[in-house]
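Report on one structure; see the data block that follows.
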C-alpha cells in the first residue's frame, strides 16, 4: 500500500548537505546500518533542521521506507482493527493491519514526539521492543511480526518526555547550535538552493552521497563480524555505573552503538574511542542528575546551603524555633525577587505516596475522561444510555452482521449491541488559580523568594500542560486579583515579579474571593478548576469579629462542596511545624504539599533519605 | 453563491506596516505567513480579506479536490499519485488563489478531514472527506485570534506546516494530501500567548495600532460608511487603483523569480541572528527571503543590506526570546540602534 507514504525522492534534502550536526548524523547512520538499534531521539529548539536531517536519510539509504506518523493518529490506524469492507461483504471478521504493519522493515518517524498521546507513544515503543504487534480489539485478534526503527524529534521547550519513555530510546542526541558565521551562511545558502533548485543541490553533493551509500552498504555487511573485546564490556558497565544509569538498556545500547560505529569506520574490532563516542550518544539521557550524585555518599550530609531557599528536609529539623513574627498591619512592604525555578512533581495527579484526599478524579493533562468536551481518543461499549455515539466504531461493529440482518430498504442495520460511545479526553481544560498569601509573615527570612520560585515553577509546568492560570494575592485587608485566568503565562510571570509582600493575613476573605471567581459564569463549565493555595495558614484577619483561623476553616468547609479541586502548598518553615495549612487542606478536601515537596529533585532526595537512613 | 463585496485593499487608510507584510507574502509565498498583533478593530481582518482581490492565479491539477499544484510532483495527494502511477496524464486548470478561514470552533475532523460517513453508509466503502487543510492548500489560511485556537488544532497546523502535507491516519482512513499554505494569524496579545513553536512558524510579525492621526481617523470612518452604503459605486471608484496595484504585484513576483541570492544579504542576515543569539535558522531564512521580496516590490533588481534592515523589524520581534519566561534579551529599539551602528559604514 502506498497511500500515505509519499514519494519524496526528488525533494529529499541531500544528507551530506546538512551543515555540521555530526553527532546527529552519526546516530542516524548507526541506526540505519544496525537492525538492533531501534530508537533514536533527537532534541533541539525549533528551526534547527531536526526533521530535515531525519528525512534526508533517504538520500543515502535509498531502500529506506520512512513512514510519517501524524500527531492525530488514531489507535485503529496505528495497530490495526477489523477489516470493514470484508466484514460487510462476507459477514466475516478479519484483521486488517495498520501503520505498524506498513512500517515493518522501515523507519517510523514521529515528529514532535513529546506531543503525542502517551498511549500512542507507549504502544509504538512496546511494539518496537517486542518485535511483534498483538491486537485484540473490535472483536478481532491479530498478530504480526513488526520490526522497525523509530526516530523521534522534539523541542524540549514544548514539554518533556517522561523518563520511562526516554529510557526506551537507545540513542538520544541534541542538535548542535551552529553559531559560527560561515557555517550559518552555508546553511542558508544550501537551504535556499534546495528550495529553488533541489536537483542542483543534489547534484553538487552527488559524489558525497554516492560514497556514503557505498559506505553504508559496506558497514551493514561488516557489522555482524565486528567483535567487542571482553575487556571493553567491563569498561561499559563501569561507565554506566559511574554515571548512575539505571537498568541495563544503557549498557546494551552502548555495545550495539559502538559496534555500529566501528563498522562505519571500517574496523572489525570495537575500540575505546568507539565506546567514548557511544557513551555520548547513549547515556546522556539516562544519567541521573549530577546534583543527586553528590548526595549519594552519605545521607547524613547537611543539605546544600542555598541561601535563597530555606531548607526543610529532614536534616533541618533541629533548626531553632522561629521567633514570633511581627504580625501587625505594619507598613513594611517589600517586593521580593523570584527564586530559582525547578522541575515540579506531578502534583495534580493523585499521588501514590499520599493518601488521596480528593474525591474528584484528577484529569490533568490527558488522564481524565469527562462527559462531552475534549477530543475523542477512543471508544467503548456504552454503559447505560448512549449519548455520545462514536459513529465510525459503531459502523465497524455492525459491519460483520449486515449480511444476516434483514436490510430491507436500509443501507445498514444497527442494533443496540452495535452502539459504541466516544471516550473523550480534554487536554487543555484546566484552569489554575493561584491564591497566594502575600502577608508579612511570608516575607520573613526571605521566605517569599522561595515561594515565588515555587510559583514560577508551577507556572512553567502550567505552560507545558497548557493550563490557564490566574493569580490572586491576599494581604493587609483584602484579596486582589492580580491576573484573571489567562493562557498567557508570560503575563503571570510579570505580575508575580511585581507582587509586593507585607501586612496581615485575611485568609478567609482570600478563599471566599478566589472561590467566587472560580464559580463565576465567566469560567467555562467544562473546565477542570483548581485552586492552588500558597500559604502558611496563619490567618489573622477574621471576616468580621472573631477568630481568624476559625473563620478560614469554616469557609474552607463551605468551599469543599464546590466542583473545584484544592491544592494547599504549605509555606510554613521552622520547627515545630504549625499544622494550620494541613488542617485547612483537610477541611477543603484538598491535597496538601509542603513547599519543598514540590521540587521533584528534592523530593526524590528526601525519599531516598527516608528509605536509606 | 453570490459573493459579498470585499473592501478594496487600496482603500485601507494607513496601517502601512501591516500592508507591507501582507504584500511581501504575496510577492514571495515562501516567506511563511504573518502574525498580526494588535487590538480589536484595527482593520486586521479587513486587510487580510482584501488580499483576495490581489492574489495571483495558479495552475493546478484539474478536478483534484485538493488543488494539487501541477508542477510539484513531490507534493501530490494520494489520488493524484495513484493516477500518475497508472500512467495517466494530469490535466491542468487555472484557478484564483484565495483566503480560507479557519474558525476557532473548528473540530479536528473538519480541519484535517475525516471519513466520509454518508459514502461509507451508502456504499460500505471508505472515502476521505477533505477538511479545511485541504481547502487551504495553495491558498492563504487565515486564523483570527490564533492564540485562542485549541491546542490539538494547533498541533495539526504545525504538523501540516512542517512538511506542507497533511497526513490523516484516523478512523480507518489513510490519506495524505498537500497542505501548503500561507498562514496568516491575528491575535490580541492580552488574551494569551502563542506557543513558541507556532510563533516560530510565522515568517513575519507586525504590531498594529489604531490610527492616531485625527484626519486619517475621519477618513477611515468615512470610507467604511461609503463602502457599506454603496458598495458597487465604492468598488468602481477604486477599480483603477486596484488594477494598477495588481500589475505592480505581478511585476514584483516576476522580478522576485529572476532575482538571485547574494552574499551581501546572507551576511547581513547571519550577522543579525548571531547578534540576537537565536538558535534556529528560520530567522536567517526569513530575513533573506523577505529582503528579496522587499527589493522586488520596490522595483530593485538586487537586494542589499538596506533591504535586510528594512525587514528586520518584521522578521525578528517574535524570535528574540528563546524560552517562555526568559526575559527579552533585546528590545526592538536596542536592535534598531545596533543595526544602525553595525551597518552604517
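Numbers for the structure displayed
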{"read-out": "Among the candidates A:529, A:588, A:584, A:595, residue that is within 27 Å of residue A:449 (Cα to Cα), crowded, with 21+ Cβ neighbours inside 10 Å, modelled with pLDDT under 80 and touching a strand residue (DSSP E or B) at 6+ places or on another chain (Cβ under 8 Å)", "value": "A:595"}
{"read-out": "Enumeration of residues in region B:150-167 that are more than 7 Å from chain A (Cβ to nearest Cβ) and buried (at least 24 other Cβ atoms within 10 Å of the Cβ)", "value": "B:157, B:160, B:166"}
{"read-out": "From B:193, B:155, B:159, residue being in the same structural domain as residue B:41 (by TED's automatic domain parsing) and part of a loop (DSSP other than H, G, I, E, B)", "value": "B:193"}
{"read-out": "Residues of region B:110-149 that turn out to be part of a helix (DSSP H, G or I) and surrounded by fewer than 19 Cβ atoms within 10 Å (Cβ to Cβ), as a count", "value": "8"}
{"read-out": "Matching entry among A:513, A:538, A:487 (being in contact with a strand residue (DSSP E or B) (Cβ under 9 Å, 6 or more places away or on another chain) and at pLDDT below 80)", "value": "A:487"}
{"read-out": "Single residue of region B:7-54 satisfying the filter (more than 21 Å from residue B:216 (Cα to Cα) and in a loop (DSSP other than H, G, I, E, B)) that is modelled with the lowest pLDDT", "value": "B:32"}
{"read-out": "Failed criterion for residue B:270 (all others in (1) in a helix (DSSP H, G or I); (2) within 24 Å of residue B:182 (Cα to Cα) hold)", "value": "(2)"}
{"read-out": "Residue list for region A:111-126, restricted to those being farther than 21 Å from residue A:28 by Cβ and free of Cβ contacts under 8 Å to residues at least 60 places away in the same chain", "value": "A:115, A:120, A:122, A:123, A:126"}
{"read-out": "Residue list for region B:162-185, filter: closer than 19 Å to residue B:140 by Cβ and not in a helix (DSSP H, G or I)", "value": "B:164, B:165, B:166, B:177, B:178, B:179, B:180, B:181, B:182, B:183, B:184, B:185"}
{"read-out": "Sole residue being outside the structural domain of residue A:401 (by TED's automatic domain parsing), within 27 Å of residue A:11 (Cα to Cα), touching a residue at least 12 places away in the same chain (Cβ under 8 Å) and part of a helix (DSSP H, G or I), chosen from A:64, A:108, A:100", "value": "A:100"}
{"read-out": "Hey, residue A:75 at the interface with another protein chain (Cβ under 9 Å from one of its Cβ atoms), touching a strand residue (DSSP E or B) at 6+ places or on another chain (Cβ under 7 Å) and in contact (Cβ under 8 Å) with a residue 60 or more places away in the chain or not", "value": "no"}
{"read-out": "Residue check, residue B:84 more than 8 Å from chain A (Cβ to nearest Cβ) and either under 21 Å from the mean Cα position of the chain (by Cα) or within 26 Å of residue B:191 (Cβ to Cβ) (or both)", "value": "no"}
{"read-out": "Count of region B:252-262 residues which are touching a helix residue (DSSP H, G or I) at 6+ places or on another chain (Cβ under 6 Å) and at pLDDT 85 or above", "value": "5"}
{"read-out": "Top-ranked residue in region A:380-405 [being within 13 Å of chain B (Cβ to nearest Cβ) and not in a helix (DSSP H, G or I); ranked as farthest from the chain's Cα centre (by Cα)]", "value": "A:403"}
{"read-out": "Residue list for region A:27-49, filter: within 14 Å of chain B (Cβ to nearest Cβ) and at pLDDT below 90", "value": "A:44, A:45, A:46, A:47, A:48, A:49"}
{"read-out": "Residue check, residue B:187 facing another protein chain (nearest Cβ under 8 Å), touching a residue at least 12 places away in the same chain (Cβ under 8 Å) and touching a strand residue (DSSP E or B) at 6+ places or on another chain (Cβ under 6 Å)", "value": "no"}
{"read-out": "Yes/no for residue B:284 being facing chain A (nearest Cβ under 8 Å) and either assigned to a loop (DSSP other than H, G, I, E, B) or in contact with a strand residue (DSSP E or B) (Cβ under 9 Å, 6 or more places away or on another chain) (or both)", "value": "no"}
{"read-out": "Candidates A:125, A:161, A:100 - the one that is modelled with pLDDT of 90 or more and crowded, with 21+ Cβ neighbours inside 10 Å", "value": "A:100"}
{"read-out": "The lone exception for residue B:208 - which of (1) modelled with pLDDT under 90; (2) crowded, with 20+ Cβ neighbours inside 10 Å; (3) under 17 Å from the mean Cα position of the chain (by Cα) it fails", "value": "(2)"}
{"read-out": "Condition broken by residue B:265, with the remaining ones in (1) closer than 26 Å to residue B:341 by Cβ; (2) touching a helix residue (DSSP H, G or I) at 6+ places or on another chain (Cβ under 6 Å); (3) surrounded by fewer than 18 Cβ atoms within 10 Å (Cβ to Cβ) satisfied", "value": "(3)"}
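This table checks each residue for (1) surrounded by 20 or more Cβ atoms within 10 Å (Cβ to Cβ); (2) assigned by TED's automatic domain parsing to the domain that holds residue B:177; (3) without any contact (Cβ under 8 Å) to a residue 60 or more places away in the chain.
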{"site": "B:12", "(1), (2), (3)": "no, no, yes"}
{"site": "B:18", "(1), (2), (3)": "yes, no, no"}
{"site": "B:40", "(1), (2), (3)": "no, yes, no"}
{"site": "B:50", "(1), (2), (3)": "yes, yes, yes"}
{"site": "B:64", "(1), (2), (3)": "yes, yes, yes"}
{"site": "B:76", "(1), (2), (3)": "yes, yes, no"}
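The values are calculated or read from the model by the stated rules, or taken from the named source; none is laboratory data. In this text, all values refer to a predicted model and were calculated from it rather than measured experimentally. Quick reminder, even Gly has a Cβ in these numbers, built from the backbone with ideal geometry, and neighbours come from all protein chains shown.
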